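The values are calculated or read from the model by the stated rules, or taken from the named source; none is laboratory data. Just so you know, these numbers come straight off a predicted model, no measurement behind them. Counting neighbours? That spans all protein chains shown, and the Cβs are built from the backbone with ideal geometry, glycine included. Accessible surface is based on the protein model in full, side chains and every heavy atom, while ligands, DNA and RNA are left aside. Shrake-Rupley method; radii C 1.70, N 1.55, O 1.52, S 1.80 Å.
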Amino acid sequence: MEIKYMKRAMELAEKGIGFTNPNPLVGAVIVKDNIIIGEGYHELYGGPHAEINAFNNATADVAGATMYVTLEPCSHFGKTPPCAKAIIEKGIYEVVIAMEDPNPFVSGKGIKMLKDNGVKVTVGVLQEEGKRLNEIFLKYITTGLPFCLLKTAMTLDGKIATHTGDSKWITNEESRAYVHKLRHRFSSVMVGIGTVLQDNPFLNTRLPDQKCSDPIRIIVDTQAKIPLNANVLRIDSAARAILITTELAPKDKLHQLADQGVEIITAPLWKEQVDLIFLMKALAERNVDSVLLEGGSELNASALQTGIIDKVSFFIAPKIAGGSLAKTPVGGPGIKLMKDAYQLDGIKIQRFGDDIMIEANVRRE
């Protein structure tokens with residue numbers, strides 16, 4: 001029964017995807033006499049937490065009930081009052097928690113408050129699932145850096161475009177729809193200037209018949225070559241555009257971009273390219289908790305080389321492009337020895353029609 005109700009809490013938590021960043025995804029279920037009497041989830045950043053929404057939606061007296069929650073209830077005043085205090089005041093008998101809050105400054109304090117006030121606490125029900133649910137929050141809150149997913153699409157022979165540069169479309173509509181779900185979940189999407197010049201993308205979220213959020217659009221452009229009329233700069237969106245450039249960029253071009261409302265971040269050079277480690281720190285300072293990297297082969301190579309990638313999603317289409325000059329997902333000089341290849345674990349394979357997605361974590365040594 002614990003697993004059943006915790007799974008329901010996680011289903012509720014997922015409803016907050018795209019709207020709570022940089023806060024975690026949290027769901028809560030209140031059960032009394034084996035009947036669900038209240039449900040809630042964290043719906044919006046700055047809004048009531050899952051536990052409070054569950055109380056507000058309760059259809060019966062919650063005193064003596066059990067609450068199932070995907071993350072340890074908070075014990076401190078933030079944008080909202082502490083949920084642990086509300087749980088105590090409402091007379092909840094037991095709280096079943098998937099995982100402790102990963103924030104090192106508050107971890108365990110909510111649990112301690114509950115126990116100190118006579119509430120029974122059980123921790124660790126579907127803990128691994130809870131960690132996967134909040135992998136973005138886990139990375140951001142423990143390291144102070146954004147969670148970064150490298151997404152790419154390729155043919156069966158490993159090409160991201162033909163030798164002429166044509167890449168529309170490698171994958172099918174189902175795969176591309178899933179990518180828009182990723183854009184909805186991540187607070188930013190990042191590409192290199194090569195992708196902008198070649199494809200002129202919009203980088204917004206397009207999910208028919210569904211309320212969704214656009215990610216912040218990040219363009220890595222060492223010399224500010226981006227056209228002033230590029231689609232990525234011209235779309236009507238509440239999400240801003242950020243240009244990451246260096247001292248090599250012309251000052252007058254940067255002034256023109258700033259006049260269009262583009263935020264400019266000037267980064268140091270690393271091997272004649274943008275220093276991506278500096279960039280991740282700069283984005284974190286702007287409350288960007290996650291980056292969906294949809295870059296070309298060179299930016300992908302730099303991202304892997306600098307160690308900013310946490311996870312990869314490779315979409316493979318049943319097509320063969322051929323061509324020794326056709327680009328592959330990861331360019332750059334490459335590794336010299338196979339023993340030095342980037343290692344992956346936590347492999348997940350998913351079908352989208354005839355396309356296959358392989359998703360995996362980048363192993364940390």
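Here T152 does not fit the description of being outside any loop (DSSP other than H, G, I, E, B), in contact (Cβ under 8 Å) with a residue 24 or more places away in the chain and open to solvent by 40 Å² or more (accessible area, probe 1.4 Å).
Please work out which one of (1) under 15 Å from S297 (Cα atoms); (2) among the hydrophobic types (A, V, I, L, M, F, W, C); (3) buried (at least 16 other Cβ atoms within 10 Å of the Cβ) is the condition L197 fails and give its number. L197 satisfies every listed condition except (3).
Taking every residue in segment 201-219 that is within 21 Å of W169 (Cα to Cα) and pairing it with any residue that is among the hydroxyl-bearing types (S, T, Y) and assigned to a loop (DSSP other than H, G, I, E, B), at least 6 positions away or on another chain, the pairs with Cβ-Cβ distances below 7 Å are N204/S237; T205/S213.
Look at A153 and say whether it is among the aliphatic types (A, V, I, L, M) and either more than 26 Å from D275 (Cα to Cα) or more than 22 Å from the chain's Cα centre (by Cα) (or both). For A153, the condition - among the aliphatic types (A, V, I, L, M) and either more than 26 Å from D275 (Cα to Cα) or more than 22 Å from the chain's Cα centre (by Cα) (or both) - is not met. Confirm whether L304 is touching a residue at least 40 places away in the same chain (Cβ under 8 Å) and part of a strand (DSSP E or B). No.
One line per residue, one yes/no per condition, for (1) surrounded by fewer than 22 Cβ atoms within 10 Å (Cβ to Cβ); (2) of a type in the set (V, I, T):
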site: S187; (1), (2): no, no
site: M190; (1), (2): no, no
site: P201; (1), (2): yes, no
site: D209; (1), (2): yes, no
site: K225; (1), (2): yes, no
site: N229; (1), (2): yes, no
site: V232; (1), (2): no, yes
site: T246; (1), (2): yes, yes
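Of all the listed residues (K348, K336), the sole one being of a type in the set (K, R) and part of a loop (DSSP other than H, G, I, E, B) is K336. For segment 132-149, check the following and say yes or no: at least one residue is touching a helix residue (DSSP H, G or I) at 6+ places or on another chain (Cβ under 7 Å), open to solvent by less than 70 Å² (accessible area, probe 1.4 Å), free of Cβ contacts under 8 Å to residues at least 40 places away in the same chain and assigned to a loop (DSSP other than H, G, I, E, B). No, segment 132-149 has no match at all.
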